[in-house]
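The values are calculated or read from the model by the stated rules, or taken from the named source; none is laboratory data. Because the structure is predicted, anything quoted here is derived from the model rather than measured. With ideal geometry, Cβ positions are generated from the backbone for all residues, glycine too; neighbour counts draw on all protein chains shown.
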Amino acid sequence: MAYKNAKLRLVQAGAMTLSLLVTGSAFSQQQNFNTVEAAKNGWFAEQNRSATWYLAQHERMARAISALQPQRPGVVDAYVLSIGLDSDAVFARESAEAAKILERRYGAAGRTVYLAAGADDKAAGAPQGSPSNLATAMAAIAGKMDRKEDVLILFATSHGHPVSGLAYRDRENAAGMIAPQRLADLLDGIGVKRRMVMLSACYSGIFIPLLTNDQTVIVTAASSQRPSFGCAPGNDWTFFGDALMNNALRKPQKFDAAVAEATGLITQWEDALELRPSRPQVFIGENARIWLDVLENKMPATASAKVGRPAISTD
């Protein structure tokens, strides 16, 4: 019975695609608003934000950017950007821990930025996980990098839509979407070809065709036609985040082995709950091994301890 209840919760949360959850707000009153086309341009809106909130965001972003260390000539430096785009607590928890795991694995101390939706109006804390802050952080990182030598590692977690892409939502205060075209434009616009992109969202496989180049690594939680699971607000991890971050990438094993372990765990968990397979996707560009092997040589010799409750927990 516990498994059946868990299965129902996971299906409800995992299949969520966000058809503008802020009903009754200014967002839902716009007539003839084509969200699919708007998502290609990275549409988002904020409402009911105080002036203090905006100032706090400016201060938080300024501190995060000023803390970034410059690249080291002759060294392949990794810069990590981890973002939770939805204010449901599972995404903040997942993106926060993912930032720590990736920073440790790839030697990115002083070169990591963490963003999470749901930020308050205090000057201290992580900057808001919003499309504008994502773009700002990407540009700031690109300004510190040697774009021909260093690597951007992007981890994003949120709900997803099979056409519009990644959802941005902060309760009744914000909504938006980042389509594959928009994310591709941002990455191409900052001139960073060496990149590892990991997307923890339903239908995130739709990003692969537009983000690929010969020096890109991409891992998505699901295919372009499938939801992923585990994104109930009370969870500590989604299935994808738990499998890839909390389990596989904590260990001193090569990237290919880590991805294989993660996809195997996801399949095992989905089978146990009789869920339709999410089919995570992996792409590794033909020249990505040049920098991936160098970064992998930096990984610690010991595993770090897992945190939080397993995504498949039925408690």
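Figures for the structure shown
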{"item": "Residue that is small (Gly, Ala, Ser), out of contact with any Asp or Glu (no Cβ under 8 Å at 6 or more places or on another chain), closer than 20 Å to Gly107 by Cβ and touching a residue at least 12 places away in the same chain (Cβ under 8 Å), where the choices are Ala248, Ala258, Ala262, Ala221", "result": "Ala258"}
{"item": "Residue among Ala221, Ala262, Ala272, Ala243 that alone is over 16 Å from Leu295 (Cβ atoms), touching a Phe, Trp or Tyr at 6+ places or on another chain (Cβ under 6 Å) and at pLDDT 95 or above", "result": "Ala221"}
{"item": "Single unsatisfied condition, Thr136 versus (1) in contact with a Leu (Cβ under 8 Å, 6 or more places away or on another chain); (2) in a helix (DSSP H, G or I); (3) under 21 Å from Gly176 (Cβ atoms); (4) in contact (Cβ under 8 Å) with a residue 60 or more places away in the chain", "result": "(1)"}
{"item": "Out of Arg72, Arg105, Arg63, Arg111, sole residue that is without any contact (Cβ under 8 Å) to a residue 60 or more places away in the chain, crowded, with 21+ Cβ neighbours inside 10 Å and not hydroxyl-bearing (Ser, Thr, Tyr)", "result": "Arg111"}
